[in-house]
Amino acid sequence: MSEDQDQPATKTNRSVLCIEDEHFIAELYTRALTKAGYQVATIIDGKEGLAAAQTNQYDIILLDLMVPNLTGIEILRALRDPARVPPVRSKIIITTNLEQRDDVRADIEKQADGYLVKAEITPKELVEFLDNIQ
Amino acid sequence: MDHLKQLRQKLRQVIFGLLLLENLLLLGGWYLGSLHRSHVTVIMLIGAGLLAMALTVLAMIVLSNLSLQPLEALWQAVLHISPTEQGVAAPDVNKLRIGKDLVTSLIFQIYQFADVANKAANEARVKNSDISQNFIAQNLPLPLFVMDASDTIIFANEMASQYIGIPVSDLVGKNVYMVLDMSFPSEDTLDNWLKGVKSKNATATGSWERVRLNVRDNHPARHFDLAAYYNRDNPDKNEVMLALFDHTKQYSQDDQAVSFIALSVHELRTPLTLLRGYIEVLEDEIDTTGNPELADFMEKMRSQAEQLMAFVNNILNVARVDDDQLQLSLESGDWPTVLKKAVADLSLRAKVRGITLHCRIAANLPAVGIDRLSIHEVINNLVDNAIKYSGGSRTIEIESKLNKEGLVETTVQDFGLGISSSIMPNLFTKFYRDHRNRAQIGGTGLGLYLSKAIVTAHGGSLWVRSKEGEGSVFGFTLLPYDQLTAELKKSGNQEITRSAHGWIKNHSMYRR
């Protein structure tokens, strides 16, 4: 991938944890994010994903709601547990293709920092979205 | 008992004394008479008899008065404490010449009984008015809420607490709409009903079916029928009573159909996400400058992927409309910006079919009340139809202006096949498609059905004018934002939420 050099100087060096069980989607996101200057780690399994997220070393967590062993909702709840010390400071962005009822979705959105329907965004649009997350 | 004995003794003594005196008088008269057997005798006898008679009458009066005195005092005591007799003084036992002790003790007993009865009545009254002490309210096997005139919960039973997953102590004192986030299947909400009855009725009852308690903090959604009782100025402040009849199992089965669609949509979306992702990578990284055909294919691929996505969203939204779940949140929007963006998104789809989109927007348009995503779909569907039914024509005119009624009217006009008048009435029916074209032109017959539902929910209307062979014009109106807010203010709705024919938030002001 020699195109890396053509990319504009990246304004970010932020780290992203992508918890996503669809291999191809993870691959596309990793590719686009890496090109934009993000450090990306991908984890397929929910339990492992939670463990990694709890290390608190990621700026942003992309969280799919349908991952094996532990659902995204459970991971979100564990990470956003007010009793957690120290609190997870990572921004959590829900990425899903699951259709939720409005009220369920609103309940999830309250706890997360963003909610994206994967089919409605391209990898580039994901990068733009993350660029705008402070 | 001793007092009674004493009284009996005393009465006996008095009667005995009087009888003795009378007999002595008669005996004395008879004796004196026997000494002088003459007229004197007769006079003596008559005198003694008269004296005895007078004495008897006197004794009668004295005795009756004397013996009735205690009874009278008792009677007075009873009247004195009776709640129905006002102003009867308490008896003065010191004036009693007979049975003073007995009467004093009896009156004391009466007063004690009265006191006990009074206390019991008071307790019962308190128990009755304090609903939290009420056995039926506490143990009613239904969630029960009682509110005062300001809609503040003053009582909730254990069932209510369990049902909505909030402890009783956290319910009492809260505004009911803050803890019960309810959605109703129509504009006939609890809130609207209460407003009505509060101005008209002293008492009223109301009931609703298929009310939904929205998800909160992971507490599952509930479905129930609701019954309400209203009593203005209830002395115990129990102004409104709500009873909930759970039907979660039964009513949520109706959601299964949506779940099936939601699942299918998920399965469709994954490959779609990938397709769009890879197309983007290819567009970015394959140099097509020397190969216009390749560039054309790439555009076609992207436009088809976008169309597929629009289709998936259509299915979802139709499912929502059918299930009364399509909910819009209307906000102020700059219509030219929204329309231009939508048209720009669609121009690729038109371009790959050799069609140009012309967009003319009047300069004086006020801000409109719109739900951006949904209205985008309306434009999408109308332009998509125009593209599909353009036949050989190469332009589509999109125009937006303020109409005579002061509404923002947007039209999409094609110059293609047109619509036969015979099928016009069915145009907005779900799955309806023009049979003549079914074979040649793709589509689901959902687009117009959905668009109409969305526009209606915006408070506007969707219409069509068409002539076979000359093309069609589809138009829809949107309300200026100011007009929309004024209308909603009139209906007392604080936040702007609308639905196609579906869930209306009970009291949006308290939406979490």
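What the phi angles of the stretch B:165-170 give under the Karplus curve with 6.51, -1.76 and 1.60, with θ = phi - 60°, is a coupling list of x, 10, x, 3, 4, 8 Hz, glycine and proline written as x. Loop-resident trypsin sites (Lys or Arg not before Pro) (DSSP state other than H, G, I, E or B) in the stretch A:46-112 with no more than 10 further Cβ atoms inside 10 Å of their Cβ: A:Arg89.
Within 10 Å of each Cβ in B:273-284, how many Cβ atoms from other chains are there, averaged over the peptide? Walk me through the intermediate numbers first.
Details: counts 14, 7, 1, 8, 13, 5, 1, 6, 6, 0, 2, 5.
Averaged over the peptide's residues, the number is 6.
Amide H to amide H, with H built 1.01 Å from N, B:Gly471 comes under 5 Å of B:Gly416, B:Gly418, B:Ile419, counting only residues 5 or more places away or on other chains.
Distances between placed amide hydrogens fall under 5 Å for B:Asp371 paired with B:Glu331, all partners being 5 or more residues away or on another chain.
Amide hydrogen proximity for A:Tyr115: with H placed 1.01 Å from N in the peptide plane, the residues at 5 or more positions away or on another chain lying under 5 Å are A:Ile94.
Its residues counted as N, the stretch B:303-428 yields a C-alpha radius of gyration over 2.2 N^0.38 Å of 1.11. Between the stretch A:96-113 and the stretch B:221-235, the alpha-carbon centres lie 31 Å apart. Looking at the protein assembly as shown, the DSSP beta bridges with both ends there are about 70 percent antiparallel. Entry for chain B at q = 0.08, 0.11 Å⁻¹: log10 I(q)/I(0) = -0.74, -1.06, Debye formula applied to identical alpha-carbon scatterers, no solvent contribution.
With point charges of +1 on the Cβ of Lys and Arg and -1 on the Cβ of Asp and Glu, referenced to the Cα centre of the stretch B:186-248, which listed residue (B:Met241, B:Ser199, B:Phe224) lies farthest in the positive direction of the dipole? Among B:Met241, B:Ser199, B:Phe224, the one farthest towards the positive end of the dipole of the stretch B:186-248 is B:Ser199. Arranged from fewest to most other beta-carbon atoms within 10 Å of their beta carbon, B:Tyr449, B:Tyr229 become B:Tyr229, B:Tyr449. Taking label points 7 Å from Cα along the Cα-to-Cβ direction, B:Ser105 and B:Asn403 give a separation of 9.9 nm.
Residue exposure proxy: B:His3, B:His36, ordered by other Cβ atoms within 10 angstrom of their Cβ from fewest to most, comes out as B:His36, B:His3. What's log10 of I(q)/I(0) for the stretch A:12-121 at q = 0.14 Å⁻¹, Debye sum over Cα points only, no solvent? Reported log10 I(q)/I(0), two decimals: -0.50.
Pairs from the list B:Lys200/B:Lys404; A:Lys110/B:Lys174; A:Lys118/B:Lys340 with a Cα-Cα gap above 29 Å: B:Lys200/B:Lys404. Rounded, prolate or oblate for the protein assembly as shown? Axes are the square roots of the Cα gyration tensor eigenvalues, ordered a ≥ b ≥ c, and the cut-off for rounded is a/c under 1.5. Prolate, because a/c is 1.5 or more and a/b exceeds b/c. Helices assigned as whole DSSP H runs in chain B whose Cα atoms extend at least 27 Å along their own long axis and whose mean Kyte-Doolittle hydropathy is -1.0 or higher are found at B:2-35, B:39-81, B:100-129, B:256-285, B:292-322. Using alpha carbons only, how many angstrom separate the centre of the stretch B:299-322 from the centre of the stretch B:394-410? Spelled out, the Cα-based centre of one part sits 25 Å from the other. Counting neighbouring beta carbons within 10 Å and listing from fewest to most, the residues A:Lys124, B:Lys467 come out as B:Lys467, A:Lys124.
Quick note: the coordinates plus some simple rules give every number you see, no bench work behind them. Since the model is a prediction, treat every value here as computed from it, not as a measurement. Positions of Cβ are backbone-derived with ideal geometry, glycine not excepted, and every protein chain shown enters the neighbour counts.
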